[in-house]
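Q: My structure is below; once you've seen it, I'll send some questions.
The values are calculated or read from the model by the stated rules, or taken from the named source; none is laboratory data. The structure presented is a predicted model; accordingly, all values stated were derived computationally and were not measured. Glycine gets a Cβ as well: all are built from the backbone with ideal geometry, and neighbour counts include every protein chain shown.
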Amino acid sequence: MSSAPPTLASVQGREYWVPLLQVAAQEVFELMLGCPLQVPPEPPAEQRLDITAMVGLAGQLCGILTLRCNAKSAVRMASEMLGIEADQAGPELWDAVGEVCNMTAGNFKNKITGLGDACVLSVPTVITGGDYSLHSFANAGALRAVLLFEGEPVVIALEIHS
Amino acid sequence: MANIRALIVDDSSVMRKIVERSLLRAGIELAQVFEAGNGAEALGTLQQNKVDLILCDINMPVMDGLEFVKQLPGVENAKGVPVVMITTEGSEGQVVQALSAGARGYIRKPFTPEQVKEHVLPLLAEKP
């Protein structure tokens, strides 16, 4: 018996969303950076992640998608996307991380039946530094995927507002 | 495919570079690349420059890609120039609007150079 694809109408379908979130991010890294994003065999140890990119979602699905990584990973993303050496990455670093977050959010929503036309994305915002608290007012739970990029953790989270 | 003049319209400078690299990886030799951060800037570029190909994001500030495409029929240097939309959103409604307004194709982000090649080369082959 095959499992039904997730739909917006099915709240239970959200159990499928974490793997979709993972695949959405993995496709972005593989296609746009040429680098795999791996699922760790065990959750990596918590560490300070100083770069946070955020994209808002509005429409049938409201919430915020965040991508958090350390500075080393952010530099690596920019260098892979632009085809430049890591030490050449300048201000476009933030643009690169924001675009990765934006494409992950877009790719994720396009994988969910009915969301492509029914949900729009905000422009990305990137925050540097780890000494902050995020208050998204999400009230319908959060999905979280921890992946490894060149051995460093990348945390993708979707906080959902009903 | 050689000596192509491309106009790449996207509010992300990183994405503009990625699109340019993808064109090169697709075997398209670029004689000149013009960049614009939104539709209004792109219209300004087209007032003064002729191009062979336009690749355009949809969601941009100031003037989005849909409005840009709608205004192209009034631009002399854009006559007969194929426009390919590149979109993160992937909204079917937006894509239909863009195609109705005159865009010749669309590529959804994330994309591969092969997808760029598949969409762009046939359009450039029509060039007289």
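Q: Of all residues being under 19 Å from residue A:118 (Cα atoms) and of a type in the set (A, V, I, L, M) in the stretch A:45-67, which is surrounded by the most Cβ atoms within 10 Å (Cβ to Cβ)? Just the residue, please.
A: It comes out as A:65.
Q: Same structure, new question: Taking strands (runs of 3 or more DSSP E) that fall entirely within the stretch B:14-128, which contain at least 3 residues that are within 30 Å of residue A:88 (Cβ to Cβ)?
A: In the stretch B:14-128, B:30-36, B:53-57, B:83-87 are the strands (runs of 3 or more DSSP E) which contain 3 or more residues that are within 30 Å of residue A:88 (Cβ to Cβ).
Q: While we're looking at this one, here's another question. Scan the stretch A:78-135 for residues that are more than 9 Å from every other protein chain (Cβ to nearest Cβ) and in contact with a Lys or Arg (Cβ under 6 Å, 6 or more places away or on another chain) and jot them down.
A: A:115, A:130
Q: Just need a number here: residues in the stretch A:73-96 that are closer than 15 Å to residue A:128 by Cα and more than 17 Å from the chain's Cα centre (by Cα).
A: 3
Q: Quick one: in the stretch A:68-77, of everything that is buried (at least 23 other Cβ atoms within 10 Å of the Cβ) and out of contact with any Pro (no Cβ under 9 Å at 6 or more places or on another chain), which residue is farthest from the other protein chains (Cβ to nearest Cβ)?
A: A:74
Q: Something else now. Looking at the stretch B:77-128 only, could you name the residues that are within 22 Å of residue A:34 (Cα to Cα), hydroxyl-bearing (Ser, Thr, Tyr) and surrounded by fewer than 17 Cβ atoms within 10 Å (Cβ to Cβ)?
A: Within the stretch B:77-128, B:112 is the sole residue that qualifies.
Q: Considering (1) more than 20 Å from residue A:35 (Cβ to Cβ); (2) at pLDDT below 95; (3) outside any loop (DSSP other than H, G, I, E, B); (4) more than 12 Å from chain B (Cβ to nearest Cβ), say which one residue A:57 fails and leave the rest.
A: (4)
Q: Oh, and also: Which residues, taken from the stretch B:49-64, are within 14 Å of chain A (Cβ to nearest Cβ) and buried (at least 16 other Cβ atoms within 10 Å of the Cβ)?
A: B:57, B:58, B:59, B:60, B:64 - these are the residues of the stretch B:49-64 that are within 14 Å of chain A (Cβ to nearest Cβ) and buried (at least 16 other Cβ atoms within 10 Å of the Cβ).
Q: Let me ask something additional. Against the conditions (1) surrounded by fewer than 20 Cβ atoms within 10 Å (Cβ to Cβ); (2) modelled with pLDDT under 90, where does residue A:39 fall short? Just the number, please.
A: Checking residue A:39 against (1) surrounded by fewer than 20 Cβ atoms within 10 Å (Cβ to Cβ); (2) modelled with pLDDT under 90, the one that fails is (2).
Q: Further question on the same structure: Name the residues in the stretch A:21-38 that are out of contact with any helix residue (DSSP H, G or I) (no Cβ under 7 Å at 6 or more places or on another chain) and either within 12 Å of another protein chain (Cβ to nearest Cβ) or part of a helix (DSSP H, G or I) (or both), would you?
A: Answer for the stretch A:21-38, where residues must be out of contact with any helix residue (DSSP H, G or I) (no Cβ under 7 Å at 6 or more places or on another chain) and either within 12 Å of another protein chain (Cβ to nearest Cβ) or part of a helix (DSSP H, G or I) (or both): A:22, A:23, A:26, A:29, A:30, A:31.
Q: Scan the stretch B:105-128 for residues that are under 30 Å from residue A:58 (Cα atoms), more than 10 Å from chain A (Cβ to nearest Cβ) and out of contact with any strand residue (DSSP E or B) (no Cβ under 6 Å at 6 or more places or on another chain) and jot them down.
A: The one that is under 30 Å from residue A:58 (Cα atoms), more than 10 Å from chain A (Cβ to nearest Cβ) and out of contact with any strand residue (DSSP E or B) (no Cβ under 6 Å at 6 or more places or on another chain): B:116.
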